[in-house]
1. Let me have the 222 nm mean residue ellipticity of the chain computed from DSSP H runs of 4+ only, each contributing -39500 (n - 2.57), with the sum over all residues rounded to the nearest 500.
2. Throw me the Rg/Rh for the chain, computed over C-alpha atoms with Kirkwood Rh, two decimals.
3. What is the Cα convex hull volume of region 357-402 when expressed per residue in Å³?
4. For region 76-117 and region 226-275, what is the separation of their C-alpha centers, rounded to whole Å?
5. About the Cα centre, and with charges only on the beta carbon of Lys, Arg (+1) and Asp, Glu (-1), how big is the dipole of region 11-152? Nearest 20 debye, please.
6. Quick check on region 122-191: what are the equivalent-ellipsoid semi-axes from the Cα gyration tensor, as sqrt(5λ), descending, whole Å?
7. Sort 181-190, 241-250, 21-30, 73-82 by the packing proxy (mean of other Cβ within 10 Å over each peptide's residues), most packed first.
8. If R0 is 41 Å, what FRET efficiency do you get for VAL402 and ALA119 from their C-beta distance, rounded to 0.05?
Amino acid sequence: MAARVVITGLGGICGLGSSAGAIWQEMRAGRSAIGPIENQSLHDIKVRTGCEIKALPEHGLDRKQTVSMDRFSLLAVLAAREALENSGLEPGRVEGHRMGATVGVGVCGWEAIEENYRAILTEGRNRAGIFTVPKVMPGAAAGQVSMALGLRGPVFGVTSACASANHAIASAVDQIRAGRADVMLAGGSDAPLVWGVMKGWEALRVLAPDTCRPFSADRQGLSLGEGAGMAVLESYEHATARGATILAELAGVGLSADASDIVAPTVEGPEQAMRACLRDAGLNPEDVDYLNAHGTGTKANDQIETQAIKRAFGEHAYSLSVSSTKSMHAHCLGASGALEMIACVMAIREGLVPPTANYREPDPDCDLDVTPNVARERPVRAALSNAFAFGGTNAVLAFKAV
């Protein structure tokens, strides 16, 4: 029988707040942090809105470490450190090779890439910065988390576009179930609000000019954001042996691929991921009270996800509370699933479903209960979190009360 995996600590940072608790309070209130991007030079970008961290908190990290970090790695370290503190676990109390980290990232160190391109191509410098490679590599965030917290178990990065965080969390679950670790720090981080990345997304013509309105008939696309979310995962036996406060159980994982198109999603792939997740968690559709949707705010994505939810849940789909918290923290790419994990865990803890903010007009093709604008009190026994990515890769997580 596979080991039970539980969550004992949460950490996060994004435009909504500099801690998991602050992020949740803004989600509860239905407040969107999407607005003008102020800290980056976006030059000729047409869409200049996103969910930006206006100022980083004082972190006290040694410059010897931060000098080799891109922004996405720093955000991951801040979130991981908070999660570990929240768990009450000290790394030295766990045998060094039994504690690891997996961090998902969608676009890696683009801040450093852009700085070097500008220095070489426009300022005439003849070489790149000495730390460019360790800054930009997709696995950098996981490595920096392991160094900052002294983790010597399984440590690696995961990258699968917008599903990266959920895949990283699923990989951490596998390490514990396989007996390779007792404790894993798992989540995702991304910092895509730089000119080159924004320019690429602009070319796709999917960026909303004002804000993100998932499932609303007048939606015009997605908004990009930056941030990180991390959780401390432990085997149930390890957590109970040390008397830890268990926030929720990470009960199941469901993975699938569309095998169809590099950008256009299918109904079948997400449906199968949700079905697989329910099986892995030992849940029936009617056991689930809340579903945190991928909900990007593009017309095709929202309509296809609605169809997939109906297929996976049958009649119970109309009894589910569904919401997209991307309406508040925007689409943080590799970090999105980790921030949405905070929403699912806290919904279970507090019996409150966070809303879909910015909602204005019903869409007959998105006819589920999407919790428009105002949070709803209801007991949440179990929650699912959907993440679907370019490349047709799908990752769904199930959380339940303990």
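1. -10000 deg cm²/dmol
2. Ratio of gyration radius to Kirkwood radius for the chain: 0.95.
3. Looking at region 357-402, the number lands at 115 Å³ per residue.
4. 18
5. Rounded to the nearest 20 debye, it is 160 debye.
6. Listed largest to smallest, the semi-axes of region 122-191 are 30, 15, 8 Å.
7. Values: 181-190: 32.3, 241-250: 17.4, 21-30: 19.7, 73-82: 28.0.
Per-residue Cβ counts within 10 Å, averaged per peptide and sorted highest first, yield 181-190, 73-82, 21-30, 241-250.
8. Efficiency computed from Cβ-Cβ geometry: 0.20.
The values are calculated or read from the model by the stated rules, or taken from the named source; none is laboratory data. Treat the numbers as computed from the prediction; the structure is a model and nothing was measured. Virtual Cβ from ideal backbone geometry, glycine too; neighbours counted across all protein chains shown. In case anyone asks, the SASA skips ligands and DNA or RNA and just uses the protein heavy atoms, side chains included. Shrake-Rupley method; radii C 1.70, N 1.55, O 1.52, S 1.80 Å.
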